[in-house]
Amino acid sequence: MPSVPSDVPALRAALLDWYDVHARSLVWRTPPGVGTRPDPYRVWLSEVMLQQTTTPHATPYFLEFTRRWPTVGDLAAVEDGELMAAWAGLGYYARARNLLACARAVASEHDGVFPDTEEGLLALPGVGAYTAAAVAAIAFGRAANVVDGNVERVMARLFAVETPVPAARPELRRLAGSLIRDERPGDWAQALMDLGATVCRPKSPFCGDCPITRWCAGYASGQPERYPLKTKKAERPHRHGFAWVLRDDQGRVGLVRRPDKGLLGGMLGLPTSDWSSTPDAAPPVPAGWREAGAIEHVFTHFSLTLTVRTATGQGEFIWTPVEEALAGLPTVFRKALERGLA
DNA sequence: CATCCGTGGAG
DNA sequence: TCTCCAAGGAT
């Protein structure tokens, strides 16, 4: 069982000093050390967008969202379909539904003011342990234990944890908690995450640039990149199905609203067959359907071949201008629609 | 604790 | 081409 170094204050000072110089400049961030705290709305929005999402991918969405909806009250007033279309392409669409539910809860049940405690934040839709701690620390200066994938990796290396993830998660959380102090909680959390993102990277870490190697058991072992150990993950199955691109004579395409639960929940989509290896499937309406090729797409837990068929016709669909559809569809349907138009 | 839930970039 | 995986949450 790894033990915490006796001079935690020196370790903390070394990392915070490093952060003062090397903090990444991100659009939702305020500079380190400054007394002024960032707007909780912007912190929350950025944290939700960054869940399992890279900084470059989330950045343009954050800029667009804050431009269109500068306050949580503005966001709460948005219509569901408009919000889902704005989120299109960012993935994990349950986040968008929860984002709206959360904004509406804050607006109606908290007078438009975010709760300033972890407990209060945790009760909000789409806010889990990580996001609650991050908002509490960064926006409200609470000494919360902010543990994301970066922090887990840094702790696994710092303490040379031999237990593989996910089993090691409770221990990694405990180790991270042992380094928490009342001083600069938001900067501490972001310093750990910046270190993990830019220096203590998953592959080929830059230990030569790291401010805390003198305390790092992984560095001392000579193989820091070995941590965190991982259990092998199951392989991804392959599925295939059909997507139908039905157009009218006004440049519109027939779409459907997907159910809130499940894959791509709440998003607009093309009419499709089910995706369980159907040899063939009946189209949504009779028409002169033509083959338009196929597209490949990879989801988190399966890959998909979607055969595209096109026709002109009518029916009970959400008829949407093609340009609007291309902008508001999840990527798999955008690719299928582009195939159908080609 | 396991599974489900997207996407795109890096190596 | 292929594997990994990024500021996770809900069930």
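No lab work stands behind these numbers, since they all come straight from the coordinates. Because the structure is a prediction, the values reported are computed rather than measured. Glycine also receives a Cβ, built like all others from the backbone with ideal geometry; neighbour counts cover every protein chain displayed.
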Amide proton proximity set for A:Leu264, modelled H, under 5 Å, gap of 5+: A:Tyr93
Quick check: convex hull of the Cα atoms in region A:117-274, volume per residue, rounded to a whole Å³? 195
Mind checking the log10 I(q)/I(0) for region A:228-271 at q = 0.16, 0.24 Å⁻¹? Debye, one equal scatterer per Cα, no solvent, two decimals. -0.66, -0.94
Within region A:1-42, which residues have the backbone N less than 15 Å from the label spot 7 Å out from A:Leu229 along Cα→beta-carbon, could you tell me? A:1-2
Each residue of region A:42-59 in turn: what ³J(HN,Hα) in whole Hz from Karplus with 6.51, -1.76, 1.60 and θ = phi - 60°, glycine and Pro shown as x? 5, 5, 4, 4, 5, 5, 5, 5, 8, 4, 6, 9, 6, 4, x, 6, 6, 4
Zone of A:Glu316 (label point 7 Å along Cα→Cβ, backbone N under 20 Å): which residues in region A:256-272? A:256-261, A:266-272
Whole-Hz ³J(HN,Hα) from phi, Karplus 6.51 cos²θ - 1.76 cosθ + 1.60, for region A:327-342, glycine and proline x: 7, x, 9, x, 4, 4, 7, 4, 5, 5, 5, 4, 5, x, 8, 5
For chain A, what proportion of DSSP beta bridges, expressed in % and rounded to the nearest 5, is antiparallel? 60
Assign unit charges at the C-beta atoms only (+1 for Lys and Arg, -1 for Asp and Glu), then state the dipole size of region A:8-226 relative to its Cα centre in Debye, rounded to the nearest 20. 620
Quick query: amide H of A:Leu255 versus all other amide H atoms, modeled in the peptide plane; which residues come in under 5 Å with a sequence gap of 5 or more or a different chain? A:Ile318, A:Trp319, A:Thr320
Please enumerate, by chain and number, the lysines with C-alpha under 20 Å from the C-alpha of A:Lys233, excluding those fewer than 8 residues away in the same chain. A:Lys203
Output for chain A (equivalent-ellipsoid semi-axes, sqrt of 5λ from the C-alpha gyration tensor, Å, descending) is 44, 25, 16
About its Cα centre, how strong a charge dipole does region A:238-341 have in debye, to the nearest 20, once Lys and Arg get +1 and Asp and Glu get -1 at the Cβ? 160
Please work out the Cα center distance from region A:177-203 to region A:52-72, rounded to the nearest Å. 23
Hey, which aspartates and glutamates would be in cross-link range of A:Lys232, C-alpha to C-alpha under 18 Å, not counting anything within fewer than 8 residues on its own chain? A:Glu152, A:Glu162
When chain A is treated as a GNM, springs tying every alpha-carbon pair under 10 Å, which of A:Glu109, A:Glu225, A:Glu47 comes out with the largest mean-square fluctuation? A:Glu109
Take region A:27-143, compute every pairwise Cα distance, and split them into 5 Å bins from 0; I just need the percent in each bin. 2, 12, 23, 27, 22, 11, 3, 0
Chain A, Gaussian network, Cα under 10 Å: of A:Gly89, A:Gly251, A:Gly81, the residue fluctuating most is A:Gly251
In debye to the nearest 20, the charge dipole size for region A:3-68, taken about the Cα centre with +1 at each Lys and Arg Cβ and -1 at each Asp and Glu Cβ, equals 280
Once amide H atoms are built 1.01 Å from N in the peptide plane, which residues 5 or more positions from A:Ala294, or in another chain, come under 5 Å H to H? A:Val308
Antiparallel DSSP beta bridges within region A:238-341, percent to nearest 5: 60
Connecting every pair of Cα atoms under 10 Å apart in chain A and solving the GNM, the largest mean-square fluctuation among A:Gln190, A:Gln52, A:Gln250 falls on A:Gln250
Which Rg and Dmax, in Å, describe the Cα atoms of region A:238-341? 12.7, 38
Put +1 on the Cβ of each Lys and Arg and -1 on the Cβ of each Asp and Glu in chain A; which of A:Ala139, A:Val8, A:Pro70 then has its Cα farthest toward the positive end of the dipole? A:Val8
